[in-house]
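Asker: Right, I'll just put the structure down here and ask away after.
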Amino acid sequence: MSRRHERRNILHTLVGLLELATHDWEDIPPEIEDPLVRALLVGKVMTAEDQGVRLSVSGCSRLGRRPGSAGDLITILGNLIDNAVDALAGHPPAAGDEPRVEVRLHERESVTELRVADNGPGVPPERRQWIFIEGASTKRHTGAGHRGLGLALVGRLAHERDGTVSVSERAGGGAVFTVRLPGKVSSGERYAS
């Protein structure tokens with residue numbers, strides 16, 4: 001079930017690597033040093049644009065290089081971005097407001113923080129307690145594809161790393177998803193199956 005989510009993140013990372021090889025992506029701050037994380041962000045920017053959503057990475061983002069694979073980080077970040085873009089595709093923001101998602105990554109000595117904010121419909125307070133449980137979704141089930149897997153995977157990986165995941169309301173409307181992982185994310189991570 002979660003393999004579909006993982007394949008999509010891997011595909012976006014590969015597309016991003018190809019783009020990085022042929023273009024200079026100034027929209028991704030150079031302080032995001034890991035090439036796989038940069039590539040994922042480039043792939044997600046392109047995909048979001050195709051769906052009419054502006055995805056930006058905060059200029060104050062900082063994330064060090066990760067020798068080997070940044071697998072769990074890519075899984076978490078990719079699923080949070082996909083969820084935000086999907087939320088905007090289903091419920092555009094108020095009239096005159098451009099659909100947008102902002103990503104901020106910050107690494108300190110004791111914590112790595114990932115923050116994904118959107119100006120979509122948000123998550124009602126009564127649903128925030130269960131949004132990270134497998135099968136839970138704020139999206140209407142259309143019968144096509146699986147629902148309620150991406151955020152469940154984010155929650156599981158965060159808790160496996162003794163981290164936290166939360167959702168709050170964005171000022172002006174929308175949702176803010178924040179994942180905090182203790183220490184710097186190790187380079188020996190794996191892609192979740």
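Asker: Being farther than 17 Å from Thr164 by Cα and in contact with a Ser or Thr (Cβ under 6 Å, 6 or more places away or on another chain) is the filter here, so list the residues in the stretch 98-122 that pass it.
Answerer: Glu102
Asker: Looking at Leu41, Leu55, Leu63 in this structure, which one is modelled with pLDDT of 90 or more, farther than 16 Å from Ile81 by Cα and buried (at least 20 other Cβ atoms within 10 Å of the Cβ)?
Answerer: Leu63
Asker: Whether any residue in the stretch 44-55 is in a helix (DSSP H, G or I) and β-branched (Val, Ile, Thr) is what I want to check.
Answerer: Checked against the condition, which is being in a helix (DSSP H, G or I) and β-branched (Val, Ile, Thr), the stretch 44-55 yields at least one hit.
The values are calculated or read from the model by the stated rules, or taken from the named source; none is laboratory data. Predicted model only: the values in this text are computed from it and were never measured. All Cβ positions, glycine included, derive from the backbone under ideal geometry; neighbour counts span all protein chains shown.
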